[in-house]
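J.: One structure, pasted below without further comment.
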Amino acid sequence: MKEKVLQVVDLVKTYTGLRPVHAVRGISFDVMKGEIFGLLGPNGAGKTTTVGIATTRVVPTSGTVLVDSVNAISDPQNAKMRMGVVTQFNTLDRSLNVRENLFYHCRYFGYSSKEAKARADELLELFQLTDKVKAKPIDLSGGLAQRVQLARAIAHYPKLLFLDEPTAGLDPQSRLALWEVVKVLQEQGVTVILTTHYMEEADVLCDRVAIVDYGKILKVDTPENLKKSLGASTFLDLKFVETTADDLSKIEAMDEVMEVEQLTDRVRISLKDSNSVAIVIQKAVTMGLKDVSIIEPTLESVFIKLTGRELRD
Amino acid sequence: MTDQDFVNSGVDRTLTKSSNLDQQDSAPSLRVALNGKTLSYKVSSGRTFYGLMARDLRVLSKNLGEFASRTAMQPFLFVFVFAYLFPKIGQGFSGSVGRNISFATILVPGLVGVAATMSGIMAVGLPLAIDLGVTKEIEDRAMAPVPVWLIGLEKIVFGAIQSLISALIVFPLVILIPSTPVQVHVANWPLLILVIFLACLISGAFGLTLGSMVQPVKIGLMFSLLVLPLTMLGCIYYPWSSLSSVRWLQIAVLINPMVYVSEGLRDVLTPALPHMAVWAFLMALIITAAVLLFAGLKLFTRRVMS
């Protein structure tokens with residue numbers, strides 16, 4: 001059996017006050033060694049609080065977090081040795097340049113001056129920051145700042161890397177670059193916990209995803225299985241010259257069609273079987289079909305389906 | 001290198017390198033994880049504390065000129081105008097503390113004390129308020145493998161060091177610049193060291209307390225409402241005993257810790273001046289230091305943790 005690097009058990013966090021906020025309402029999950037594990041959910045779902053507790057920064061109301069078998073709540077000092085953290089904010093030390101940021105981070109983790117220098121230079125090389133050695137954090141682009149933060153977070157060889165919305169606010173190019181780095185880190189054996197509200201990010205990067213909403217985990221599985229759980233394998237977006245109610249009911253009546261949803265300028269239908277695409281299109285042509293696109297199921301559709309059900313409850 | 005270049009060239013190379021990692025001939029230049037490397041999970045808090053201190057000293061050394069001129073400017077001008085210029089042009093302050101003691105002598109302990117006290121508040125309080133409230137730069141240090149209060153304690157010690165440096169910068173100024181004689185005489189060195197130690201500690205702890213408490217946008221307000229009264233009513237420009245003619249004020253200023261720093265230094269540096277009893281200022285300094293130390297560490301921990 002694979003080693004569990006993170007175990008979260010029955011985590012609850014209630015912020016007391018006049019109107020208590022139930023940020024986390026009983027979250028449990030395990031993360032295995034070498035995995036990229038995603039916490040996917042909208043802002044305010046409880047992802048950041050969960051990560052805050054695991055990274056020893058938030059005191060839970062109840063529950064336990066074990067980081068590499070060390071209790072993060074009762075022994076934060078030892079737990080912190082085993083983890084690195086990157087947040088969506090640029091928290092680089094602005095009084096120091098890029099190299100010094102890495103150097104002093106190592107010093108905080110007990111490295112001697114000589115060891116810290118060697119490690120900082122190694123990281124600059126590794127993350128291709130050698131031309132930014134003397135740069136001030138404030139002058140770095142968002143993507144570069146995140147790259148430096150990643151380098152800093154793994155400088156002390158953590159077993160577990162927390163990435164809290166690491167690509168929030170980054171342009172697509174920088175996001176792509178960061179994903180590549182995260183993949184490399186995974187190949188190196190780093191276990192990653194990623195919180196994100198970008199469905200695509202979770203889909204591309206994560207081995208397993210926990211869908212979080214209102215302080216609870218709705219489902220944990222591989223992105224593949226989550227998408228399969230929708231039941232439909234393919235979606236079709238159809239655009240008609242004119243969409244009439246009559247046409248809609250005709251489409252709904254087709255054997256191949258599971259569900260029909262009218263969107264602003266098109267009709268989205270889910271098919272039971274991807275082999276029936278041609279048949280459906282053929283039928284739709286007679287109704288004045290203008291344009292068609294085939295949509296693979298995404299985590300977004302999974303999320304909408306799951307939270308939609310939750311909201312109706 | 002831009003992110004575009006990074007995607008185009010860099011990552012591919014990195015990926016290739018890393019996929020070779022398992023082969024024996026390729027040295028694992030990409031030591032990211034613990035592959036083949038054992039890291040002791042025991043780091044002594046002392047080493048981390050030292051690392052935090054090294055960082056602060058590095059930042060200070062970068063701004064040393066700025067720090068020194070900022071520290072020296074106010075006392076320099078003050079001594080220059082009031083203890084050099086005024087006697088020269090025949091303009092003076094009325095009233096006397098007796099025994100033919102110059103105003104310049106009164107200023108020595110006062111200005112050294114205020115420089116030391118304010119320096120720690122400025123060095124710790126201002127940057128910390130911004131760190132905690134705006135830039136979140138403290139995050140990385142908060143994740144260092146030590147209890148959070150120790151990170152706060154490092155800030156206090158660092159503030160105290162800056163306090164001491166400030167006192168050392170100001171001391172020669174207030175002795176050398178005045179045009180009237182300055183009577184400085186240290187009779188009790190251990191007491192001098194103790195008073196300076198307590199003053200520096202109070203300064204650092206005060207800085208940590210304010211920095212953890214005050215919102216960055218309120219810093220200006222804090223200066224007018226706190227720092228100014230602390231200074232003006234801190235027995236810096238007059239000995240406490242001379243306030244006896246304004247009895248209510250003499251009692252009211254006793255809540256100001258600055259008073260005890262000034263009076264303590266007055267006792268150890270300029271014993272010819274009237275000053276508060278040793279037991280009184282020592283007790284007050286120790287209590288102030290203890291309260292601020294406790295409050296500062298508590299508030300800091302509460303700001304970092306939630």
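The values are calculated or read from the model by the stated rules, or taken from the named source; none is laboratory data. The model shown is predicted, which means the values in this text are computed figures rather than measured ones. All Cβ positions, even for glycine, are placed from backbone atoms using ideal geometry, and neighbour counts span all protein chains on display. Heads up: the accessible areas ignore ligands, DNA and RNA and are worked out on the full protein's heavy atoms, side chains in. Shrake-Rupley method; radii C 1.70, N 1.55, O 1.52, S 1.80 Å.
J.: Taking the stretch B:240-265 as the region of interest, how many residues are within 22 Å of B:Ala187 (Cα to Cα) and either surrounded by fewer than 21 Cβ atoms within 10 Å (Cβ to Cβ) or without any contact (Cβ under 8 Å) to a residue 24 or more places away in the chain (or both)? Can you show your working first?
T.: Of the residues in the stretch B:240-265, the ones within 22 Å of B:Ala187 (Cα to Cα) are B:240-241, B:259-265.
Retained after the next criterion (residues that are either surrounded by fewer than 21 Cβ atoms within 10 Å (Cβ to Cβ) or without any contact (Cβ under 8 Å) to a residue 24 or more places away in the chain (or both)): B:241.
So the answer is 1.
J.: Where residues in the stretch A:153-177 are open to solvent by less than 10 Å² (accessible area, probe 1.4 Å) and assigned to a helix (DSSP H, G or I), which of them is farthest from the other protein chains (Cβ to nearest Cβ)?
T.: A:Ala153
J.: Hey, could you check the stretch A:213-227 for residues that are more than 14 Å from the chain's Cα centre (by Cα) and without any contact (Cβ under 8 Å) to a residue 40 or more places away in the chain and say which is surrounded by the fewest Cβ atoms within 10 Å (Cβ to Cβ)?
T.: That would be A:Glu224.
J.: Out of all the residues in the stretch A:1-29, which are under 19 Å from the mean Cα position of the chain (by Cα) and open to solvent by 50 Å² or more (accessible area, probe 1.4 Å)?
T.: So the first thing to find is which residues in the stretch A:1-29 are under 19 Å from the mean Cα position of the chain (by Cα), and the list is A:5-8, A:23-24, A:27-29.
Selection gives A:Ser28 alone.
J.: Residues being at the interface with chain B (Cβ under 7 Å from one of its Cβ atoms), part of a loop (DSSP other than H, G, I, E, B) and over 22 Å from the mean Cα position of the chain (by Cα): count how many of those fall in the stretch A:51-91.
T.: Within the stretch A:51-91, residues that are at the interface with chain B (Cβ under 7 Å from one of its Cβ atoms), part of a loop (DSSP other than H, G, I, E, B) and over 22 Å from the mean Cα position of the chain (by Cα) number 1.
J.: Hey, another quick one. Which number in (1) surrounded by fewer than 24 Cβ atoms within 10 Å (Cβ to Cβ); (2) closer than 24 Å to A:Met81 by Cα; (3) in contact with a helix residue (DSSP H, G or I) (Cβ under 8 Å, 6 or more places away or on another chain); (4) more than 8 Å from chain B (Cβ to nearest Cβ) marks the one condition that A:Gln186 misses?
T.: (3)
Condition check ((1) more than 13 Å from B:Pro109 (Cα to Cα); (2) away from every other protein chain (no Cβ under 14 Å); (3) over 20 Å from the mean Cα position of the chain (by Cα)) across all residues:
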residue	(1), (2), (3)
B:Thr135	yes, no, yes
B:Ile161	yes, yes, no
B:Leu164	yes, yes, no
B:Val186	no, yes, yes
B:Leu198	yes, yes, no
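J.: Checking the conditions here, which among B:Ala290, B:Ala284, B:Ala280 is out of contact with any Ser or Thr (no Cβ under 8 Å at 6 or more places or on another chain) and under 20 Å from B:Ile161 (Cα atoms)?
T.: Residue meeting the stated conditions: B:Ala290.
J.: Right, something else. Across the stretch A:30-50, what is the total count of residues that are out of contact with any Gly (no Cβ under 9 Å at 6 or more places or on another chain), within 17 Å of A:Asp164 (Cα to Cα), away from every other protein chain (no Cβ under 14 Å) and of a type in the set (A, V, I, L, M, F, W, C)?
T.: Result for the stretch A:30-50: 3.
J.: A further question follows. Would you be able to tell me the number of residues in the stretch A:121-152 that are crowded, with 23+ Cβ neighbours inside 10 Å, closer than 13 Å to A:Cys106 by Cα and at the interface with chain B (Cβ under 8 Å from one of its Cβ atoms)?
T.: Result for the stretch A:121-152: 1.
J.: Yes or no: A:Glu180 more than 20 Å from the chain's Cα centre (by Cα), open to solvent by 20 Å² or more (accessible area, probe 1.4 Å) and farther than 14 Å from A:Thr87 by Cα?
T.: So A:Glu180 does not fit the description; no.
J.: B:Leu292 - would you say it is touching a helix residue (DSSP H, G or I) at 6+ places or on another chain (Cβ under 6 Å), of a type outside the set (Lys, Arg) and away from every other protein chain (no Cβ under 14 Å)? Break it down into steps so the answer makes sense when it comes.
T.: Values: touching a helix residue (DSSP H, G or I) at 6+ places or on another chain (Cβ under 6 Å): yes; of a type outside the set (Lys, Arg): yes; away from every other protein chain (no Cβ under 14 Å): yes.
Yes, satisfied.
J.: While we're here: If only one of B:Ser166, B:Ser179, B:Ser224 is under 27 Å from B:Met283 (Cβ atoms) and small (Gly, Ala, Ser), which one is it? Full working, then the answer.
T.: Numbers: B:Ser179 fails: under 27 Å from B:Met283 (Cβ atoms); B:Ser224 fails: under 27 Å from B:Met283 (Cβ atoms).
B:Ser166 is the lone residue from the list that is under 27 Å from B:Met283 (Cβ atoms) and small (Gly, Ala, Ser).
J.: Quick check: anything in the stretch B:180-201 open to solvent by less than 20 Å² (accessible area, probe 1.4 Å) and among the polar types (S, T, N, Q)?
T.: no
J.: How many residues, within the stretch B:157-179, are open to solvent by less than 10 Å² (accessible area, probe 1.4 Å) and either without any contact (Cβ under 8 Å) to a residue 24 or more places away in the chain or over 21 Å from B:Thr209 (Cβ atoms) (or both)?
T.: The qualifying residues number 2.
J.: Considering only the stretch B:222-238, I want to know if a residue exists there that is of a type in the set (A, V, I, L, M, F, W, C), over 20 Å from B:Leu292 (Cα atoms) and crowded, with 21+ Cβ neighbours inside 10 Å.
T.: Scanning the stretch B:222-238 turns up at least one residue that is of a type in the set (A, V, I, L, M, F, W, C), over 20 Å from B:Leu292 (Cα atoms) and crowded, with 21+ Cβ neighbours inside 10 Å.
J.: Mind checking which residues of the stretch A:269-286 are open to solvent by 30 Å² or more (accessible area, probe 1.4 Å) and either part of a helix (DSSP H, G or I) or under 12 Å from A:Thr243 (Cβ atoms) (or both)?
T.: A:Ser274, A:Asn275, A:Ala278, A:Ile279, A:Ile281, A:Gln282, A:Lys283, A:Val285
J.: From the set of residues in the stretch B:58-67 that are at pLDDT 90 or above and surrounded by 13 or more Cβ atoms within 10 Å (Cβ to Cβ), which is farthest from the other protein chains (Cβ to nearest Cβ)?
T.: Checked the stretch B:58-67; the qualifying residue farthest from the other protein chains (Cβ to nearest Cβ) is B:Leu60.
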